[in-house]
Amino acid sequence: SDPVAAARALQPMIRAAAARTEAERRVPQEVIDALVEAGMFHMVLPAALGGGEHSPIVAARAVEELAYADASTGWVVMLAQQSSIFAIFMNDEDNAAIFGNGGILAGTARPIGRAVWTESPAPGYIVSGRWPFASGSSHATWFMGECVVYDGSEPRKDSDGNNVTRAVFVPRDAVTVF
C-alpha cells in the first residue's frame, strides 16, 4: 500500500475534525481509528510487527500530507513514528507486547525518571517518575520515558562520568495521565 496516498485519502475526514481536535485538545477517536486502519502509526515498523516497512522518507511524506490537513494530527502521528524506532533495539517478545494488536507509543525523551536495578522478585528495574505531557497520550497504548539508572541512592555513571540512562516502556494501564 502507499501511505502517502492513504494519508491524502484521509485529508477530508481530518479537515472536518480539525476544529474539534483544537477545541478538545486531542485528535478525535474516529480519526485515530481511521489512522490506525490506514497503518499510519506503523509505517516504518517491520511487517513482522504489523508495520508497512516503509522508508523514513515515505513515512515523513505521509505525515506531511496528514499535517497539511491538520497540524495536530500530523504531529501525533509523527511522534508515534519516532517512538516506534525503538523497536530495532528490542527483542521480539517485547516488540510483540508493545506493537502487537496495533500498539501506539507516546512518550518523552528526557531522562527524568528513576530506574533502580533489582533482582527480586525478578531481575529488572523498579521505575518511578513523573514525566511531562506526551502528545498523543489520549490514544497511546504504551508509554516510553527515559530514566537515570541508580545503584542505591547514587546515579550509575559510565566510563566518561555521565549518568547511565534507559528508555522504559510501560503499558497504558500502569500509567496515570493528569
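The values are calculated or read from the model by the stated rules, or taken from the named source; none is laboratory data. What you see is a predicted model, and the numbers here were worked out from it, not measured in a lab. Please note: Cβ atoms are built from the backbone with ideal geometry, for glycine as well, and neighbour counts cover all protein chains shown. The protein model used for the area step is the full one, side chains on, heavy atoms only, and it has no ligands, DNA or RNA in it. Shrake-Rupley method; radii C 1.70, N 1.55, O 1.52, S 1.80 Å.
Scaling against 2.2 N^0.38 Å puts the C-alpha radius of gyration of the range 33-178 at 1.13. Here's how it looks for residue 43: its modeled amide H is under 5 Å from those of 52, which are all 5 or more places away or on a different chain. Segment residue 101..residue 5, full-extension length gain: 32.2 nm, with 0.36 nm per residue of separation and the alpha-carbon distance subtracted. By a 1.4 Å probe calculation restricted to protein chains, residue 21 has an accessible surface near 10 Å², given to the nearest 10.
Ligands, DNA and RNA aside, residue 8 has an accessible area near 130 Å² when probed at 1.4 Å. Quick one: Debye curve from the C-alpha atoms of the range 95-162, no solvent, what's log10 I(q)/I(0) at q = 0.11, 0.24 Å⁻¹? Here log10 of I(q) over I(0) equals -0.35, -1.07.
Here the 3J(HN,Hα) profile of the range 135-151, calculated from phi with Karplus coefficients 6.51, -1.76 and 1.60 at θ = phi - 60°, is 4, x, 5, 5, 10, 5, 9, 9, 10, 10, x, 9, 10, 8, 7, 10, 10 Hz, Gly and Pro shown as x.
Accessible surface of the range 84-173, 1.4 Å probe: 52 percent of it comes from carbon and sulfur atoms. Accessible area per residue for the range 1-68, computed on protein heavy atoms with a 1.4 Å probe, is 57 Å². Indicate the gyration tensor shape class of the range 1-98 (rounded, prolate or oblate), computed on the Cα atoms with a ≥ b ≥ c the square roots of the eigenvalues: a/c under 1.5 is rounded; otherwise a/b larger than b/c is prolate and the rest oblate. Prolate, because a/c is 1.5 or more and a/b exceeds b/c. Charge dipole of the chain (Cα centre as origin; +1 on each Lys and Arg Cβ, -1 on each Asp and Glu Cβ, all else neutral): 480 debye, rounded to the nearest 20.
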